[in-house]
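Since the structure comes first, as structure tokens, the remarks are kept for the end.
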Amino acid sequence: MSVGISLYPGLDKSDDIRRSLDLAADHDIRTYFCSLHIPESDVRALKRDLQYILTNAAAKKIEVIADISPTALSRLHLTAEELFRSHITLRLDDGFTAEETVRCSLTGTVCLNASTVTAAFLQKLSAGGADFSRIKGLHNFYPRPGTGLIPAFFASQTALCHAYGLSVGAFVAASANHRGPLYEGLPTIENTRPLSIEKSTFVVKALGADHIFIGDSRPCAKDMRALSAAAQTDADIIIIPVTLHDTSEKTRKLLDRIYTSRPDKAEHIIRAKEGRTYAKGLFIKPLTTLPARRQRGDITVDNTDFLRYTGEIQLITAPMPAEPRTNIIAAIPEEHRYLLDCLCGDKKFTFRFIE
């Protein structure tokens with residue numbers, strides 16, 4: 001998995017851009033993302049600083065991805081062909097037709113907006129003879145709080161791109177130095193906005209991203225180290241720390257297995273495919289005390305009163321009423337509940353007991 005930083009020529013100060021490039025070199029960052037269509041940017045400064053970035057990248061054999069729109073090209077008095085001659089990978093944002101995208105893919109490397117691309121658009125590219133070996137996907141970032149993607153949609157859009165052979169990139173917010181105008185982070189997935197770099201990177205990786213960028217400019221050395229380290233962690237099987245409410249050997253054996261989340265996720269629960277299979281032959285008695293209201297992070301198992309659903313394992317993702325036919329057997333501590341966002345589609349997971 002590759003990692004990258006974001007630079008905003010024409011918006012950031014030139015000295016800040018140069019410091020970021022020096023830090024990136026120290027941490028073996030191999031990709032730069034730039035946006036060339038931010039309304040607040042100064043065109044003259046943008047062109048000057050972009051040239052510096054390109055010179056720096058060429059000397060170090062680093063890829064530069066530039067976010068561009070037809071309006072921005074007009075504003076900068078540039079063409080896609082001129083940018084391709086500078087060895088820039090163009091992320092084609094709103095305004096490019098399928099026909100224009102095909103032409104661009106035959107000239108240089110392009111990124112599609114993975115957050116909004118559709119199967120119909122990808123089919124048009126295929127029918128038009130696009131060179132898919134020169135096309136990638138790159139999600140949006142979302143400066144405005146509350147507008148970022150939900151994990152399930154992120155996972156489905158990423159899977160769509162993968163189905164056409166596209167690698168997919170995404171963004172996480174920095175721990176500090178958030179970019180204006182709102183200064184509230186630039187993540188792709190909304191739920192990662194308040195998380196640390198380590199946690200947000202793990203979520204994005206677990207949901208299928210191949211490349212991860214810090215969306216905010218001026219990332220610090222600590223953020224770069226955290227990004228690189230988290231990108232190398234194994235996210236194939238999600239290990240979820242839990243505190244046991246029921247410490248019986250029966251419960252320990254039931255949870256000490258590898259489960260798979262069902263792809264047809266319900267609104268407030270994640271269902272494990274294998275729960276009833278693993279619990280076959282077990283007699284799971286109803287609780288003798290009044291069951292508690294289920295809270296986000298609770299791990300439950302259906303008891304014998306649920307008839308053929310006996311043994312079903314569920315992870316609760318939002319508050320739900322008490323259910324006498326369901327026993328609450330464990331809970332995920334608050335600091336680890338972000339892992340629930342990793343369980344989209346057929347994702348493998350298991351539990352680690354906190355003693």
Exactly one condition in (1) small (Gly, Ala, Ser); (2) surrounded by fewer than 16 Cβ atoms within 10 Å (Cβ to Cβ); (3) at pLDDT below 95 is not met by residue 345; state its number.
(2)
Are any of the residues in region 227-243 in a loop (DSSP other than H, G, I, E, B), under 21 Å from residue 16 (Cα atoms) and outside the structural domain of residue 336 (by TED's automatic domain parsing)?
no
Kindly indicate whether any position in region 53-63 is among the aliphatic types (A, V, I, L, M) and in contact with an Asp or Glu (Cβ under 6 Å, 6 or more places away or on another chain).
no
Reported set for region 259-282 where residues are assigned to a helix (DSSP H, G or I) and under 17 Å from residue 337 (Cβ atoms) is none
Could you list, ordered by first residue, the pairs with Cβ atoms under 9 Å in which the first is in region 237-250 and without any contact (Cβ under 8 Å) to a residue 24 or more places away in the chain and the second is of a type outside the set (Val, Ile, Thr) and exposed (fewer than 15 other Cβ atoms within 10 Å of the Cβ), at least 6 apart or interchain?
247/353
For region 166-192, what are the residues that are of a type in the set (Gly, Ala, Ser) and either under 28 Å from residue 39 (Cα atoms) or crowded, with 24+ Cβ neighbours inside 10 Å (or both)?
169, 170, 173, 174, 175, 176, 180, 185
Working only within region 46-61, note down all residues that are farther than 19 Å from residue 27 by Cα and in contact with a Ser or Thr (Cβ under 7 Å, 6 or more places away or on another chain).
49
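Conditions tested, residue by residue: (1) within 24 Å of residue 258 (Cα to Cα); (2) crowded, with 18+ Cβ neighbours inside 10 Å.
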| residue | (1), (2) |
| --- | --- |
| 194 | no, no |
| 197 | no, yes |
| 209 | yes, yes |
| 213 | no, yes |
| 222 | no, no |
| 229 | no, no |
| 237 | yes, no |
| 243 | yes, no |
Quick check: anything in region 205-222 closer than 22 Å to residue 30 by Cα, under 16 Å from the mean Cα position of the chain (by Cα) and among the hydroxyl-bearing types (Ser, Thr, Tyr)?
no
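If you go through region 12-43 one residue at a time, how many are among the acidic types (Asp, Glu) and either touching a residue at least 60 places away in the same chain (Cβ under 8 Å) or not assigned by TED's automatic domain parsing to the domain that holds residue 58 (or both)? Explain how you work it out, then say what you get.
Residues of region 12-43 among the acidic types (Asp, Glu): 12, 15-16, 22, 26, 28, 40, 42.
Applying the additional criterion that residues be either touching a residue at least 60 places away in the same chain (Cβ under 8 Å) or not assigned by TED's automatic domain parsing to the domain that holds residue 58 (or both) yields 12, 16, 26, 28, 40.
Here the count works out to 5.
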Could you check, for region 328-343, whether at least one of its residues is under 30 Å from residue 199 (Cα atoms), in a strand (DSSP E or B), in contact with a helix residue (DSSP H, G or I) (Cβ under 6 Å, 6 or more places away or on another chain) and of a type in the set (Phe, Trp, Tyr)?
no
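May I ask you to say which residue of 106, 76 is assigned by TED's automatic domain parsing to the domain that holds residue 130, among the aliphatic types (A, V, I, L, M) and either more than 30 Å from residue 127 (Cβ to Cβ) or within 28 Å of the chain's Cα centre (by Cα) (or both)? Walk me through it before giving the result.
Numbers: 106 fails: either more than 30 Å from residue 127 (Cβ to Cβ) or within 28 Å of the chain's Cα centre (by Cα) (or both).
Sole residue among the options that is assigned by TED's automatic domain parsing to the domain that holds residue 130, among the aliphatic types (A, V, I, L, M) and either more than 30 Å from residue 127 (Cβ to Cβ) or within 28 Å of the chain's Cα centre (by Cα) (or both): 76.
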Residue that is within 17 Å of residue 272 (Cβ to Cβ), surrounded by fewer than 22 Cβ atoms within 10 Å (Cβ to Cβ) and among the β-branched types (Val, Ile, Thr), where the choices are 299, 328:
328
Subset tally (residues that are closer than 17 Å to residue 34 by Cα and among the β-branched types (Val, Ile, Thr)) for region 105-137
2
Quick one: residue 201 ticks every box in (1) surrounded by fewer than 20 Cβ atoms within 10 Å (Cβ to Cβ); (2) touching a strand residue (DSSP E or B) at 6+ places or on another chain (Cβ under 7 Å); (3) not in a loop (DSSP other than H, G, I, E, B) bar one, so which box is it?
(1)
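The values are calculated or read from the model by the stated rules, or taken from the named source; none is laboratory data. In this text the structure is predicted, and so the values were computed from the model without any measurement. Cβ: placed from backbone, ideal geometry, glycine included. Neighbour counts: every protein chain shown.
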